[in-house]
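A.B. asks: First, the structure itself, so that you have it in front of you.
The values are calculated or read from the model by the stated rules, or taken from the named source; none is laboratory data. All values reported here derive from a predicted model rather than from experimental measurement. Positions of Cβ are backbone-derived with ideal geometry, glycine not excepted, and every protein chain shown enters the neighbour counts. Accessible surface areas use protein heavy atoms only, side chains included; no ligands, DNA or RNA. Shrake-Rupley method; radii C 1.70, N 1.55, O 1.52, S 1.80 Å.
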Amino acid sequence: MIRRDVVDAMVAHARRDHPDEACGVIAGPEGSDQPQRLIEMENAERSPTFYRFDSGEQLRVWRAMDAADEVPVVIYHSHTATEAYPSRTDVSYASEPDAHYVLISTRDPEEHELRSYRIVDGDITEEDIQVVDVVESYMFSHTGRDDTIDRHTTLPDPE
């Protein structure tokens with residue numbers, strides 16, 4: 001289960017970085033399997049056909065997750081010219097056996113394709129994605145620059 005605002009943020013990131021592949025992580029509490037905190041990461045390759053996390057940024061992000069008792073629940077990236085299916089390279093880099101690997105295809109400028117997989121020891125298993133709307137109830141509304149999702153931003157918890 002993944003919140004619609006998180007899906008929208010992933011797709012927006014993929015569209016923004018197009019024609020290069022976008023990549024990132026969605027962290028969640030250890031053992032929860034709940035993606036909560038979107039972390040947009042730099043594609044060190046800056047390529048339309050390949051992505052790689054910047055090693056220094058990855059180290060900082062993984063250390064921050066460890067310090068917050070979080071794990072990478074989702075590892076995502078986009079495919080700019082092909083379907084949302086893991087390439088051989090994607091499979092070879094899949095090193096988090098408990099993570100969901102979400103791919104977003106931005107090959108169609110009007111529509112996106114979003115699919116999720118488990119990748120363990122080279123085996124690819126597609127899984128259903130359940131997108132849920134979050135109903136927020138706040139006493140006061142606020143709109144402004146700080147309402148936008150930015151790198152290393154914590155999204156609100158669902159109620």
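A.B. asks: Given a 1.4 angstrom probe, what's the average accessible area per residue across the stretch 1-90, in square angstrom?
C.D. replies: For the stretch 1-90, the per-residue accessible area is 47 Å².
A.B. asks: Report the accessible area of Arg52, computed with a 1.4 Å probe over the heavy atoms of all protein chains in place, in Å² rounded to the nearest 10.
C.D. replies: 90 Å²
A.B. asks: Give the residues of the stretch 22-63 whose amide nitrogen is closer than 19 Å to a point set 7 Å from the Cα of Ser87 in the direction of its Cβ.
C.D. replies: Counting only backbone N, you get 22-25, 41-55.
A.B. asks: Considering only protein heavy atoms, with the full assembly of protein chains and a 1.4 angstrom probe, order Leu114, Leu59, Leu103 by accessible area, largest first. Walk me through the intermediate numbers first.
C.D. replies: On the way: Leu114 40, Leu59 90, Leu103 5 Å².
Per-residue accessible area, sorted high to low, gives Leu59, Leu114, Leu103.
A.B. asks: Each residue of the stretch 3-15 in order: what ³J(HN,Hα) in whole Hz does its phi give by Karplus 6.51 cos²θ - 1.76 cosθ + 1.60, θ = phi - 60°, with x for Gly and Pro?
C.D. replies: Each residue of the stretch 3-15 in turn: 6, 4, 5, 6, 4, 4, 5, 4, 5, 4, 4, 4, 5 Hz.
A.B. asks: With a cap of 15 neighbouring Cβ atoms within 10 Å, and only residues DSSP puts in a loop, list the GluC sites (Glu not before Pro) found in the stretch 1-74.
C.D. replies: Glu30, Glu45
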